[in-house]
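What follows is one structure encoded as structure tokens, with my remarks underneath.
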Amino acid sequence: MLPFRLPRRGRWSTSVGVVLLLLATSVALPLARWGDSALVLALAPAAVAGYLAGRHMTRLVPAVIAFSAVLAGSLPVSYLLPGTSPLGDWMASVLIALLTVVAPWWFGRYRMLRVEQRESDAAVLADRAQAEERARIADDLHDTIGHELALIAVQAGALELAHDLGPEQREQFRELREAAVRASGRLGDVVRMTRPGDGPSRLDPVGGEGVDALVTGARDAGMNVEVRLDHAVVAAADPLIAELVVRTVREGLTNTMRHAPGATVGIDVGRGDAGGITVSVRSAASPEAGAPGGGHGIPSLRRRAELLGGAIDAGPRPGGGFELRLRAPTRAETRAHDSPIAADPALRSNARAARRRVWQATIVPAVILGLALVGFLVVQAITFAHTAVTSEVYERIDLGMTRAELAPLLPAGTPGPVPIVSEPPAPDGAECDYFAARDGWLHFTDATYRLCFDRDVLVEKSLLGAS
């Protein structure tokens, strides 16, 4: 025979959960009727079954139907079982089911929903980590390969203008320059598709050496670069800020190569007015037309600067040309509350869905408790109207009165006193009627009035109390 296995992730099929709930809830009525017997041993298994059903059963509606079916079916069954108070037993069974089965079921379901939310949040965070990794790769592609392609285009353009080359060689260098520009544009397209977010790169050079390397590479490619670099300011800055300085210089050089070939570039890196660090990359107006921009580098750089407490300004200069400017503190002021993970809409959606499902599960015991209270009050009112005699009416009853005289004062009565009420022997040959001794429908007592008749004449009246 094949071994029984639960579904994946500890989830049960609906039928298994429904069967458990039906069995657990069905013990409530026998416990209410014969609670002083060995049936009390069924309380623990019923509570465990309710908890397991809530912990492993994913669907809510079948659980509600199972509870409702058993509790509703228990009402007619209570009249078929031996006893003197079917409505009272049914009300007691509802309370027993609520405390013994429904409450553990709700606790188990709450734990299941919390686990599901944690698993969903973990999946969202894993997706976010993958997106950040793609973002870092995209940054490396844009900042390193894009910069090298721009250098190739500048070098090819310089060789194209050399005087000692023939027309065929000039054409080859022109094609090389155009191919580098096209490759740079395609790289931008790949970056935009690959990079869904923003995140720090791990491959960028940092510090003054990184700036020197970028300037040397640009000059070797034929660019006219003027630089003023305060190495002490860059060395004293936080590594993240030093990395941001290098990225800003690289972005300014790359933009000049791509959009303003042949223009002179001025780079200033030093201490700012507020004690931070300032980077300025200025390019003069270019005599040549550049390639169209992809619009990725500066927005990415601006987001990175803002996360570290800095700011990026970029725009045309009054006298012509373009300037890229960074203002940043020497110590990174990381803004965790602006993190995309902290404000991730998927995580907020998971939290809202979990709260909604918890409230839906809370409705079940609340509705059952409300119905039980309403039903209890209705049962009390009906019981009082049909079985109870008040103390005032009882005082008006005198021995020797006939049934006909008492008929307007008496309700239908009960078949007999509750089992815990002691009853002395009735007078010989007398027939006794029993009535609940209550002064109101919220008067809770087991006391019973007994009226005994001999040939329809009242021969005894007595108050029976609990023994």
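Estimated from the Cβ-Cβ distance and a Förster radius of 60 angstrom, the FRET efficiency linking residue 428 and residue 303 is about 0.05.
In terms of the mean number of neighbouring beta-carbon atoms within 10 Å, the peptides 422-430, 115-123 order highest first as 115-123, 422-430. Spacing of the modelled spin labels on residue 61 and residue 123, each 7 Å from Cα toward Cβ, amounts to 2.2 nm.
The local environment of residue 95, defined by Cβ-Cβ distances under 14 Å, has a net charge of 0 under the rule Lys, Arg +1 and Asp, Glu -1.
The distance between label points at residue 393 and residue 22 comes to 4.3 nm (points 7 Å beyond Cα on the Cα→Cβ vector).
Residue 359 label point, 7 Å along Cα→Cβ, cut-off 18 Å on backbone N: hits in the range 46-80? Inside the label zone: 60-61. Note down the net charge around residue 312, summing +1 for each Lys or Arg and -1 for each Asp or Glu among other residues with Cβ under 12 Å from its Cβ. The answer is +2.
Taking amide H positions as modeled 1.01 Å from N, with prolines and chain starts lacking one, the residues under 5 Å from residue 58 and 5 or more places away or on another chain are 12. Compactness ratio for the range 390-464: Cα radius of gyration over 2.2 N^0.38 Å (N = residue count) comes to 1.05.
A crude spin-label estimate for the pair residue 69 and residue 373, with each label 7 Å from Cα along the Cβ direction, gives 2.9 nm. Tally Lys and Arg at +1 and Asp and Glu at -1 over the other residues with C-beta under 15 Å from the C-beta of residue 47: what net charge comes out? My count for the surroundings of residue 47 gives +3.
Taken together, the values in this text are just the output of simple stated rules run on the coordinates, not laboratory data. Since the structure is predicted, the reported quantities are computational estimates derived from the model, not experimental observations. As a convention, Cβ positions derive from the backbone with ideal geometry for all residues, glycine included, and neighbour counts pool all protein chains shown.
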